[in-house]
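A.B. asks: Sharing a structure below in structure tokens format, with a few things to ask.
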Amino acid sequence: MLSQTQINQFIQNGYLVLRQIAKSDFVEKIKTETIQQLDQRIEPYELEAIVQYPGSPNSVNDIGGDTIRRLRQAYARHDLYRQWATNTLIVESIKQILQTDQLYLNPNHHNSIMTKTPKYSSQTNWHRDTRYWNFNNKYLVNSWLAMGSESNENGGLLVLPGSHRWDDDSFVLDDEQFLIADHPANQSRLSLAQTVELEAGDCLLFSAHCFHAAAQNKTDIVKHSLVFTYHGDRTFAEQGSSSDVMKPIFVG
Ligand SMILES: O=C(O)CCC(=O)C(=O)O
């Protein structure tokens, strides 16, 4: 159960960190499973070389071209991931934030284990997840469970607090809907950037409409995070869109 202060923080900033919400033995289990699935290269996954973000290998045939950026379809992969996706504390917290009686996980978005490898990871520029998603509103919340420490050094998330409420268009995006980092019109907003420092077992909840970014992993340890996207019963995917391929999963 979130306190009113925590709910207010989310409303104000567009994100909230729930510290040490996953028990350490559970995090160890989920991390072991993740490393195994990565080693076995269990599909479906997305390669760094395919997204072509800054720093990613130029092609799948280059050195590091087979580096996995994320394992997709986490919910269907293993009961441990489903346990986290339906964890009562997470589900009830997001229901409070969204003021909904019924919560759904959208299996088409995130629903993944994000990995950042030391040598071949990429930088993700400032974006809103909602930019390519197709829903009738912006009220979607991501949960991001850290399986280890996350900081700017290993490519942890950065957020622009309050950006989920920016409904004007005074910031400038490129063709792929990323904020242009060196555009004068974006400078005051980019100066708000905060690094979200996490430890194993911490979970970040953030609005899918909140601008976020992440650097490359400059350490020598792989970073793993488990990410799901949720919405309430007043949010619908547009029929026939990429957000509607698989039907929402009721989680509580
Ligand atoms: O870990 C990262 O690079 C950020 C991932 C992200 O923001 C996304 O996939 O939407």
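The values are calculated or read from the model by the stated rules, or taken from the named source; none is laboratory data. On a predicted model such as this, the values are computed, not experimentally measured, just so you know. In this analysis, Cβ positions are derived from the backbone assuming ideal geometry, glycine residues included, and neighbour counts consider all displayed protein chains. SASA here: full protein model, heavy atoms, side chains in, ligands and nucleic acids out. Shrake-Rupley method; radii C 1.70, N 1.55, O 1.52, S 1.80 Å.
A.B. asks: Counting heavy atoms of the protein chains only and a 1.4 Å probe, report the per residue accessible area for region 99-146 as a whole number of Å². Could you put the intermediate results ahead of the total?
C.D. replies: Numbers: 1680 Å² over 48 residues.
For region 99-146, the solvent-accessible area averages 35 Å² per residue.
A.B. asks: Which residues' amide hydrogens lie under 5 Å from the amide hydrogen of ARG69, considering only partners 5 or more residues apart or on another chain, with H built in the peptide plane?
C.D. replies: GLU46, LEU47, GLU48
A.B. asks: Given Cβ point charges of +1 (Lys, Arg) and -1 (Asp, Glu) and nothing else, what value in debye, to the nearest 20, does the dipole of the chain about its Cα centre take?
C.D. replies: Numbers: 22 positive and 29 negative charges, 83 e Å.
In total the dipole reaches around 400 debye.
A.B. asks: Which of LYS23/LYS116; LYS23/LYS223; LYS116/LYS247; LYS95/LYS138; LYS23/LYS247 have a Cα-Cα distance over 20 Å?
C.D. replies: Details: LYS23/LYS116 23 Å; LYS23/LYS223 18 Å; LYS116/LYS247 29 Å; LYS95/LYS138 15 Å; LYS23/LYS247 30 Å.
Those over the limit are LYS23/LYS116; LYS116/LYS247; LYS23/LYS247.
A.B. asks: Determine the distance separating the Cα centre of region 234-251 from the Cα centre of region 37-69; give it in Å without decimals.
C.D. replies: 27
A.B. asks: I've got another one for you. Would you work out what percent of the accessible area of the chain, with all protein chains in place, is carbon or sulfur (probe 1.4 Å)?
C.D. replies: Values: 5720 of 11720 Å².
Reported share for carbon and sulfur atoms: 49 percent.
A.B. asks: Rounded to the nearest 500, what is the 222 nm mean residue ellipticity of the chain from helices alone, with -39500 (n - 2.57) per DSSP H run of 4+ residues and division by all residues? Mind showing how you got there, number by number?
C.D. replies: Working: 7 runs with 56 residues, N = 252.
Computed ellipticity for the chain at 222 nm equals -6000 deg cm²/dmol.
A.B. asks: Given H placed on each backbone N at 1.01 Å, which residues far from ALA237 in sequence or on other chains put an amide H within less than 5 Å of it?
C.D. replies: none
A.B. asks: Now a separate question. Quickly rank 210-217, 234-241, 78-85 as a protection proxy: mean count of other C-beta atoms within 10 Å, highest first.
C.D. replies: So the peptides 210-217, 234-241, 78-85, ranked by packing, come out 210-217, 78-85, 234-241.
A.B. asks: Rounded to whole Hz and in sequence order, give me ³J(HN,Hα) for region 56-61 from the Karplus expression 6.51 cos²θ - 1.76 cosθ + 1.60, θ = phi - 60°, writing x for Gly and Pro.
C.D. replies: Those phi angles translate into 6, x, 5, 7, 5, 8 Hz.
A.B. asks: Pick out, from PHE178, ILE30, ASN58, the residue whose Cα sits farthest towards the positive end of the charge dipole of the chain, with +1 on the Cβ of Lys and Arg and -1 on the Cβ of Asp and Glu.
C.D. replies: ILE30
A.B. asks: Can you run phi through the Karplus equation (6.51, -1.76, 1.60; θ = phi - 60°) for region 159-174 and list ³J(HN,Hα) in whole Hz, with x for Gly and Pro?
C.D. replies: Working through the residues one at a time gives 10, 9, x, x, 6, 5, 9, 6, 9, 7, 10, 8, 9, 10, 10, 8 Hz.
A.B. asks: Taking the mean number of other Cβ atoms within 10 Å as a proxy for protection, how do you rank 43-56, 147-160 from highest to lowest? Intermediate values should be presented prior to the final figure.
C.D. replies: Values: 43-56: 15.9, 147-160: 20.7.
The peptides rank, most packed first, as 147-160, 43-56.
A.B. asks: Please give, to one decimal in nm, the separation of the simple spin-label points placed at GLU199 and LYS218, each 7 Å out from Cα toward the Cβ.
C.D. replies: For the pair GLU199/LYS218, the computed spacing is 2.4 nm.
A.B. asks: Can you figure out the FRET efficiency of GLU92 with GLU153, using R₀ = 25 Å and their beta-carbon distance, to the nearest 0.05?
C.D. replies: Numbers: r = 33 Å, r/R0 = 1.32.
With a Förster radius of 25 Å, E is 0.15.
A.B. asks: A further question on this structure: Take ARG165 and GLN83, extend 7 Å from each Cα along the Cα→Cβ direction, and tell me the distance between the two endpoints in nm.
C.D. replies: 3.8
A.B. asks: Suppose R0 equals 35 Å; then what is the FRET efficiency for GLU28 and HIS183 from their Cβ-Cβ distance, rounded to the nearest 0.05?
C.D. replies: On the way: r = 44 Å, r/R0 = 1.24.
My answer for the efficiency is 0.20.
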